[in-house]
1. For K76, all conditions in the list (1) assigned to a helix (DSSP H, G or I); (2) within 14 Å of the ligand (Cβ to nearest atom); (3) over 19 Å from the mean Cα position of the chain (by Cα); (4) modelled with pLDDT of 95 or more hold save one; what is the number of the exception?
2. With respect to T8, is the statement that it is surrounded by 24 or more Cβ atoms within 10 Å (Cβ to Cβ), hydroxyl-bearing (S, T, Y) and within 16 Å of the ligand (Cβ to nearest atom) true?
3. For the stretch 24-41, state whether one or more residues are in a helix (DSSP H, G or I), at pLDDT below 95 and among the charged types (D, E, K, R).
4. Right, T115: within 23 Å of Q188 (Cβ to Cβ) and within 16 Å of the ligand (Cβ to nearest atom) or not?
5. When you scan the stretch 11-54, how many residues do you find that are among the β-branched types (V, I, T), surrounded by fewer than 24 Cβ atoms within 10 Å (Cβ to Cβ) and more than 18 Å from D82 (Cα to Cα)?
6. Here are some residues: E46, E39. Which one is within 12 Å of the ligand (Cβ to nearest atom) and more than 24 Å from V235 (Cβ to Cβ)?
7. Those residues that are within 16 Å of the ligand (Cβ to nearest atom) and either hydrophobic (A, V, I, L, M, F, W, C) or without any contact (Cβ under 8 Å) to a residue 24 or more places away in the chain (or both), I need them from the stretch 84-103; list them, please.
8. Consider only pairs whose beta carbons are under 7 Å apart and that are at least six residues apart or on different chains; among these, list those whose first residue lies in the stretch 178-207 and is exposed (fewer than 11 other Cβ atoms within 10 Å of the Cβ) and whose second residue is in a helix (DSSP H, G or I) and modelled with pLDDT of 95 or more.
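The values are calculated or read from the model by the stated rules, or taken from the named source; none is laboratory data. Only a predicted model underlies this, so the values are computations on that prediction, with no experimental measurement involved. Here the Cβ positions follow ideal geometry from the backbone for every residue, glycine too, while neighbour counts run over all protein chains shown.
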Amino acid sequence: MNKVAFITGATRGIGKQIAITLSENGYDICLNYRKKNDELLNTKKEIENNGVKCFTTQGDVSNYEDCQRMVEEIIKEHGQIDVLVNNAGITKDSLILRMSKEDFNSVIDVNLTGTFNVTKNVIPYMMKARSGRIINISSVVGISGNAGQINYAASKAGVIGFTKSLAKEVASRNILVNAVAPGFIQTQMTDVLKDSVKEEIAKNIPLKKLGTAEDVAKVVKFLASEDSSYITGQVINVDGGMLM
Ligand code: NDP
């Protein structure tokens with residue numbers, strides 16, 4: 001029987017690539033999407049072409065009831081969840097003087113509370129199975145901070161605290177919990193930046209380039225695999241050396 005991986009926010013970007021990479025490595029995939037689009041349907045086909053199952057489930061991770069229902073649907077379909085990747089995330093950047101309470105709260109609600117909402121519903125099944133991998137997508141700005149991103153950086157720092165605390169809580173059940181902290185990765189999230197800004201960012205990265213979704217997906221694949229069986233509570237930066 002294939003292992004089952006549940007990836008949130010998998011309609012595009014890093015989440016989509018994680019789903020494809022895990023499918024190439026024999027995992028049955030459960031994709032969460034908020035809004036259905038053609039890209040989601042193409043991704044589903046691409047995953048199925050790798051000879052594994054692909055189940056899709058609609059829901060907003062910031063809504064607890066949606067998360068409860070999505071996990072129930074997956075358990076009904078597959079009976080288990082071996083790997084959970086909390087990837088769904090948003091930005092609403094501005095300096096504090098301009099940032100509304102709504103923009104602060106919505107980023108925390110999706111990025112941090114969303115991670116809780118999904119994990120809380122998945123963890124009982126992993127505990128029962130006495131096995132599981134949880135991989136949370138944080139960000140290097142959760143470690144370094146970034147002007148214009150107090151909401152986003154706070155949410156991603158929160159994800160790191162969440163990861164380490166949960167790793168301690170569930171280690172005795174053989175559930176490993178780690179975070180991946182990407183730097184600047186080329187996706188729609190960073191496409192909003194002007195080319196000149198991206199070039200300037202690349203100059204300050206030791207590897208002199210932005211990362212790709214594949215760079216992040218390969219690390220998630222490692223953390224989901226048996227090769228990482230003695231690693232828990234860690235944050236792995238995938239940032240071309242930006243933060244060192
Ligand atoms: P994208 O904006 O390209 O994709 C984000 C995904 O999250 C989309 O599929 C989106 O779906 C989904 N999503 C957003 N809100 C919700 C929600 N409430 N419920 C369910 N799904 C939701 O971002 P990236 O691929 O770049 O980012 C993926 C993760 O990586 C995020 O957590 C991000 O913070 C993190 N990251 C990205 C970096 C980068 O440079 N790109 C750097 C560091 C971290 P929909 O279209 O339906 O809204």
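1. It is condition (2) that K76 fails.
2. Working: surrounded by 24 or more Cβ atoms within 10 Å (Cβ to Cβ): yes; hydroxyl-bearing (S, T, Y): yes; within 16 Å of the ligand (Cβ to nearest atom): yes.
Considered against the rule, which asks whether it is surrounded by 24 or more Cβ atoms within 10 Å (Cβ to Cβ), hydroxyl-bearing (S, T, Y) and within 16 Å of the ligand (Cβ to nearest atom), T8 comes out as yes.
3. Looking only at the stretch 24-41, we keep the residues that are in a helix (DSSP H, G or I), and these are 24, 38-41.
Filter again for at pLDDT below 95, leaving 38-41.
Filter again for among the charged types (D, E, K, R), leaving 38-39.
Yes, the stretch 24-41 has at least one match.
4. On the way: within 23 Å of Q188 (Cβ to Cβ): yes; within 16 Å of the ligand (Cβ to nearest atom): yes.
Judged against the criteria, T115 is a match.
5. Total satisfying the criteria: 1.
6. Working: E46 fails: within 12 Å of the ligand (Cβ to nearest atom).
Only one candidate qualifies: E39.
7. From the stretch 84-103, those within 16 Å of the ligand (Cβ to nearest atom) are 84-93, 102-103; that's our starting set.
Result: L84, V85, A88, I90, E102.
8. Every condition considered, the pairs that remain are Q188/G13.
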